[in-house]
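Notes to accompany the following structure.
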Amino acid sequence: MKRNSKGSAATPAILSLLIVLLVAITAYVFISGKFQAPPPITEVGKLVDQQYVLTLIVTSVVFILSQLGLAWVIFRYRDRGQKAQYNHGNNKFEAIWTTATIVLFVGLGLMAHHAWAVTHLQPAGADALQIEVTTNQFVFNFRYAGPDGKFGRLDVNQISPENGNPVGVDSADPNGKDDIVVPTLTIPVNREIELLIRSQDVIHNFYVRELRLQQDAVPGMVIPIHFTASQTGRYDILCTQLCGLGHYKMHSFLNVVSEQDYEAFLKQNAAQ
Ligand SMILES: [Cu+2]
């Protein structure tokens, strides 16, 4: 069918402006800094943030240019009654943007490798303070080895929150007599901590925003993570796996305290 009539300029103009507006709102959300995560309290957390900002800058440039390009093309090539033109692609352009994308993503991945490796590939130091984290619907429990430095054996048949033994420390094991089990995590500042993460039922998660660390707790596995917090304070521990109806209230606290306060915490709980 032959057409000579021009299409309305208002439709492409509105669509182009809408795209520009959405780009501006998206940019504002990030640039305003109103939705930022709280500052990190570990060196690794700072590396993670640097990587995040770098990735955000690179992807923002691509996002903004491509969306503004789209807005321009929509208006520039609107229906003026002309014959529509098209082509079957351009191998040169295909090669350029595919290569650019590969270089960009592989490059960002390589740059992030250090932050990932120190957390996930390197084990904790030999003198790291070990604390066991046990999750179940819908609580966290933290176990310290006590003065002997040894965790007692666990026995599933002895799990009994009602009798003060939520993780099931075996009463027959002398190593377990001095173990401390508490519902909040207290750690000394500037000391490497290794958490041994377990679950008694379904998949849960240990997440502390300020540590920039998130690790699933998987039944049947003991998963280690390690970090060194360099700032005292009280931080939220959240479960970020939808683990059941009570998931929304599965929550605890990480208290990062001075060495003296940590000793006092151990004494206070050992006495009980
Ligand atoms: Cu959970």
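The values are calculated or read from the model by the stated rules, or taken from the named source; none is laboratory data. None of the values given here were measured: they were computed from a predicted structure. Cβ atoms come from the backbone with ideal geometry, glycine included; neighbour counts cover every protein chain shown. Side chains included, ligands, DNA and RNA excluded: accessible areas come from the protein's heavy atoms. Shrake-Rupley method; radii C 1.70, N 1.55, O 1.52, S 1.80 Å.
For segment 255-262, the condition of being under 17 Å from the mean Cα position of the chain (by Cα) and within 24 Å of PRO123 (Cα to Cα) holds for none of the residues.
Yes/no per residue for (1) farther than 23 Å from ALA84 by Cα; (2) assigned to a loop (DSSP other than H, G, I, E, B):
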| position | (1), (2) |
| --- | --- |
| SER5 | no, yes |
| ALA13 | no, no |
| VAL20 | yes, no |
| ALA27 | yes, no |
| GLN36 | yes, yes |
| PRO40 | yes, yes |
| VAL48 | yes, no |
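The numbered conditions (1) exposed (fewer than 13 other Cβ atoms within 10 Å of the Cβ); (2) within 27 Å of GLY176 (Cβ to Cβ) are all true for ARG234 except (2). Considering segment 242-258 alone, what residues qualify as being part of a loop (DSSP other than H, G, I, E, B), open to solvent by less than 60 Å² (accessible area, probe 1.4 Å) and within 11 Å of the ligand (Cβ to nearest atom)? If the condition is that a residue be part of a loop (DSSP other than H, G, I, E, B), open to solvent by less than 60 Å² (accessible area, probe 1.4 Å) and within 11 Å of the ligand (Cβ to nearest atom), then CYS243, GLY244, GLY246, MET250 are the ones that fit. Taking segment 165-193, which residues are in contact (Cβ under 8 Å) with a residue 40 or more places away in the chain, open to solvent by 10 Å² or more (accessible area, probe 1.4 Å) and farther than 25 Å from GLN137 by Cβ? If the condition is that a residue be in contact (Cβ under 8 Å) with a residue 40 or more places away in the chain, open to solvent by 10 Å² or more (accessible area, probe 1.4 Å) and farther than 25 Å from GLN137 by Cβ, then ASP178, VAL189, ASN190, ARG191, GLU192 are the ones that fit.
In segment 126-231, counting only strands (runs of 3 or more DSSP E) that sit wholly within it, the ones holding 3 or more residues that are within 21 Å of the chain's Cα centre (by Cα) and more than 16 Å from the ligand (Cβ to nearest atom) span 192-199, 223-228.
For segment 12-49, a tally of residues being open to solvent by 80 Å² or more (accessible area, probe 1.4 Å) and free of Cβ contacts under 8 Å to residues at least 24 places away in the same chain returns 10. Of the numbered criteria (1) in a loop (DSSP other than H, G, I, E, B); (2) touching a residue at least 60 places away in the same chain (Cβ under 8 Å); (3) open to solvent by 80 Å² or more (accessible area, probe 1.4 Å), the one HIS114 fails is (1).
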